[in-house]
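Heads up: the structure comes next, in structure tokens.
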Amino acid sequence: MPLFVKNPDGTRGMARRQCTGEYKIKPLKKAIRQILGYPHPTRVPRGVFVDQAIGISTDEFHRAKDSDVNYTRNIFPLLDLGLSRSDCLTLLRERGMGTVVKSSCIGCPYSGSSRLRFIRDTDPHAWTDLVEFDKAIRHGSPRANANGQPLRGQFFVHRSLQPLDQVDLDATRGTANAEEDDPDGCSPFSCRSGSPIPTA
Ligand code: SF4
């Protein structure tokens, strides 16, 4: 997954990512083929497909894309209903379901402080996991280290290059600071990083 790298000279970089392709698209395609009864490498006959509902709202209609395989047809119920993100939040509030943040992996480094605060304040278990994850990645992959390919620098989840449990997530509350904002949510076919999605 993408992570912030503190280089030996103190500069900040970003590690190469394959998260959406590896952890979302590949497992989804595998599961769909199994559901249809045509696991890889069996060819799925033309005309056999599933509908895959993707929750893209009218604010981000440009992210709605056709599937790249014949056995999946992407459908967009929120676009069909003409619902924006704020309409969805209103519906949730009206039904007593509180509020939500934009969808993404818990440890996504593209998360702004606002989203990290939401996890910290509403889901202590996930927050503990995330802090542990942030500590565990500091020196890169144990396998790569054992193979003589140690990370030159340190990995961090937060763009400030500080251990997550030492970041003052409240410092930017209510400001337009770059650390505060969350980008668009992330779904398998509209990754929040904006980069091309490797699907091999
Ligand atoms: S939310 Fe998207 S960009 Fe972020 S780690 Fe998950 S798959 Fe990657």
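Just so you know, all these numbers are worked out from the coordinates, no wet-lab data involved. Being a predicted model, the structure only gives us computed values, none of them experimental. Virtual Cβ from ideal backbone geometry, glycine too; neighbours counted across all protein chains shown.
Place a +1 charge on the Cβ of each Lys and Arg in region 25-65 and a -1 charge on the Cβ of each Asp and Glu, then give the dipole magnitude about the Cα centre in debye, rounded to the nearest 20. Don't jump to the answer; show the numbers that get you there.
Details: 8 positive and 3 negative charges, 75 e Å.
The calculated dipole for region 25-65 is roughly 360 debye.
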Simple label model, 7 Å out from Cα along Cβ direction - LEU151 to SER84, nm: 4.0
Relative packing of 166-174, 25-33, which averages over residues the other C-beta atoms within 10 Å, highest first: 25-33, 166-174
Cα→Cβ-extended label distance, 7 Å offset, between ARG73 and THR122, nm: 3.4
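Tell me the GluC sites (Glu not before Pro) within region 111-190 that lie in a loop according to DSSP and have at most 15 other beta-carbon atoms within 10 Å. Walk me through the numbers on the way to the answer.
Working: sites: GLU132, GLU179, GLU180; in loops: GLU179, GLU180.
The qualifying sites: there are none.
Please identify the trypsin sites (Lys or Arg not before Pro) of region 63-126 that satisfy two criteria: DSSP loop assignment and at most 14 other Cβ atoms within 10 Å. Which are they?
Passing sites in region 63-126 are LYS65, ARG95.
Quick one: length gained pulling ALA176 to ALA31 fully straight, 0.36 nm per residue minus the C-alpha distance? Present the calculation step by step, with values, prior to reporting the outcome.
On the way: separation 145, 0.36 × 145 = 52.20 nm, distance 4.06 nm.
That works out to 48.1 nm of additional length.
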Other-chain or far-sequence residues with amide H under 5 Å of ILE75's (modelled H): GLN52, ALA53, ILE54
Local net charge near GLY140, Cβ-Cβ under 12 Å (Lys/Arg +1, Asp/Glu -1): +4
